[in-house]
Amino acid sequence: MKRRNFLKASALTLASPLLASGDQKVKRNTQNPIVISTWNHGIPANEVSAEILHAGGSALDAVEAGVRVTEADAQNQSVGLGGRPDRKGIVTLDASIMDSQGNAGSVAFLQNIKHPISVARLVMEKTDHVMLAGQGALEFAKEQGFEEENLLTEQSAVGWEEWKRNNNIKDTWGPNDDHDTITSLAQDKNGNIAAACTTSGLAYKLHGRVGDSPIIGAGMFVDNEIGAAGATGVGELVMRTCGSFLVVELMRQGLSPMEACNEAVERIIKKEGKNTKSQVGYIALRKDGEIGYASIHKGFQYALYKNKKNKLYDVPSKL
Ligand code: ASP
């Protein structure tokens with residue numbers, strides 16, 4: 001390209017609304033607090049978040065408190081206490097949190113701590129780092145006053161024994177119902193947005209495996225000018241496509257939350273092929289309060305708290 005044409009093309013690109021620093025035409029919702037969370041465990045989590053939001057609390061406090069409900073639920077086998085273990089029989093947890101200022105914190109491969117989301121928040125607030133992993137994350141948690149406890153419940157131990165009997169080492173991940181991360185996105189009365197994501201990851205994963213949930217931009221992402229997005233499902237597919245960042249960035253480029261979630265799912269399908277058995281689901285919340293969702297397969301649900309109603313919805317499948 002000749003220099004003159006190059007300069008012309010560059011000027012055009014710079015002038016393009018697609019590269020604007022935010023979709024300024026979208027008004028910020030400040031009327032109604034909103035919470036959207038993945039799966040049916042999002043309902044009790046949303047309840048707690050909504051209470052905080054109605055009392056004037058921040059989106060950050062709301063998402064943390066909400067997902068702590070799921071982490072503490074021993075019956076829930078995909079998050080926190082009672083989570084399904086890895087193939088060595090050890091429960092390892094991943095979590096991340098992001099506030100409206102763009103601050104983020106996360107923990108990966110954390111063991112014996114029931115509330116990884118709160119450890120992630122302290123990584124964000126008390127250190128200069130974004131992510132702590134494994135033994136270091138555990139030591140940090142203990143320094144901050146968290147107590148170690150056994151997270152492997154009887155129910156999850158029995159499931160693991162059964163899996164060992166029925167599977168061989170060549171098996172990869174379990175079926176769809178072996179994973180169900182909670183990712184929660186909230187908008188407070190000031191219109192600010194925050195996100196939290198917490199999981200025990202894929203059931204019977206290799207020891208040491210870390211998923212998308214603690215990776216900022218994969219498991220969740222917040223850009224307060226635009227909105228937020230979060231993921232659930234096979235984390236490897238989310239990580240390879242920077243899923244949550246992609247959804248938010250597509251909204252910045254002008255796609256609606258629905259279009260952005262659909263496009264992010266389509267990109268995975270394009271890479272994996274239409275025969276993929278893996279599930280990925282996305283949720284999105286734009287700053288004007290509009291939401292989006294999409295998933296590869298049927299079965300994915302999201303819980304939405306809006307206009308003082310907290311309801312569970314099915315997401316139509318792409319395949
Ligand atoms: N995304 C999680 C992971 O890959 C799994 C899930 O959604 O349950 O660790």
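The values are calculated or read from the model by the stated rules, or taken from the named source; none is laboratory data. Keep in mind the model is a prediction, meaning the values are calculated, not measured. Positions of Cβ are generated from backbone atoms using ideal geometry, with glycine treated the same way; all protein chains shown enter the neighbour counts.
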Within segment 123-156, restricting to residues that are part of a helix (DSSP H, G or I) and in contact with a helix residue (DSSP H, G or I) (Cβ under 8 Å, 6 or more places away or on another chain), the one that is surrounded by the fewest Cβ atoms within 10 Å (Cβ to Cβ) is Phe140
| task | For segment 168-176, state whether one or more residues are surrounded by 17 or more Cβ atoms within 10 Å (Cβ to Cβ), modelled with pLDDT under 95 and at negative phi. | result | yes
The residue that is surrounded by the most Cβ atoms within 10 Å (Cβ to Cβ), considering only those in segment 294-307 that are in contact with a helix residue (DSSP H, G or I) (Cβ under 8 Å, 6 or more places away or on another chain) and in a loop (DSSP other than H, G, I, E, B), is Ile296
Pairs returned, first residue in segment 263-277 that is in a helix (DSSP H, G or I), second residue that is surrounded by 16 or more Cβ atoms within 10 Å (Cβ to Cβ) and among the polar types (S, T, N, Q), beta-carbon separation under 6 angstrom, 6 or more apart or interchain, are Arg267/Thr241; Ile268/Thr241
Yes/no for Arg240 being within 15 Å of the ligand (Cβ to nearest atom) and within 29 Å of Lys205 (Cα to Cα): yes
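Residue by residue, here is whether (1) under 17 Å from the mean Cα position of the chain (by Cα); (2) within 25 Å of Ala186 (Cα to Cα); (3) more than 16 Å from the ligand (Cβ to nearest atom); (4) not acidic (Asp, Glu) holds:
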residue	(1), (2), (3), (4)
Arg267	no, no, yes, yes
Lys270	no, no, yes, yes
Gly281	yes, yes, no, yes
Arg286	yes, yes, yes, yes
Ile291	yes, yes, yes, yes
Ser295	yes, yes, no, yes
Phe300	yes, yes, no, yes
Leu304	yes, yes, yes, yes
Lys308	no, yes, yes, yes
Across (1) within 16 Å of Ala186 (Cβ to Cβ); (2) not in a helix (DSSP H, G or I), Ala50 clears everything bar (2)
Counted residues in segment 182-225 being in a loop (DSSP other than H, G, I, E, B), hydroxyl-bearing (Ser, Thr, Tyr) and touching a helix residue (DSSP H, G or I) at 6+ places or on another chain (Cβ under 7 Å) come to 2
The one condition Phe221 fails out of (1) away from the ligand (no atom under 11 Å from the Cβ); (2) surrounded by fewer than 24 Cβ atoms within 10 Å (Cβ to Cβ); (3) not β-branched (Val, Ile, Thr) is (2)
